[in-house]
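Coordinate-derived values only; no laboratory data. This structure is a prediction, so every number in the text was calculated from the model and none was measured. Every residue, glycine among them, receives a Cβ derived from its backbone with ideal geometry; neighbour counts consider all protein chains shown.
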Amino acid sequence: MIDATFKDPTTDEFFAFSGSQFVRFAFADSRRGDKITNSGPSGDDLEDELIFGPHKILNTWKCLAQAGFDTVNAVMPVPDTEAEAYFFQGI
């Protein structure tokens with residue numbers, strides 16, 4: 001089950017949080033597929049891509065670990081910024 005997702009406006013990549021882990025992924029530009037692949041080159045440049053993960057939130061997001069987060073339940077972009085977001089736990 002996915003607890004929270006958000007789109008990074010600086011890279012157009014997505015993050016999905018589930019329990020104590022997260023993944024970073026990208027959808028192919030020309031379609032919205034229903035799968036994420038991480039199998040290397042397949043000749044299909046339109047495949048969605050798993051970029052990073054799954055990894056533990058605490059091992060990668062040091063600022064969240066310092067704030068006492070071990071899970072993420074919601075993410076909301078900070079208005080009028082491109083590189084900041086509010087993270088929530090326990091809602």
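Below are the figures for this structure:
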{"read-out": "Likely footprinting exposure, LEU64, LEU58, fewest C-beta neighbours within 10 Å first", "value": "LEU58, LEU64"}
{"read-out": "Ranked VAL75, VAL23, criterion: other C-beta atoms within 10 Å, fewest first", "value": "VAL75, VAL23"}
{"read-out": "Exposure proxy order (Cβ contacts within 10 Å, fewest to most) of PHE6, PHE22", "value": "PHE6, PHE22"}
{"read-out": "Under-5 Å amide H pairs with ASP8, H placed in peptide plane, nonlocal only", "value": "GLU13, PHE14, PHE15"}
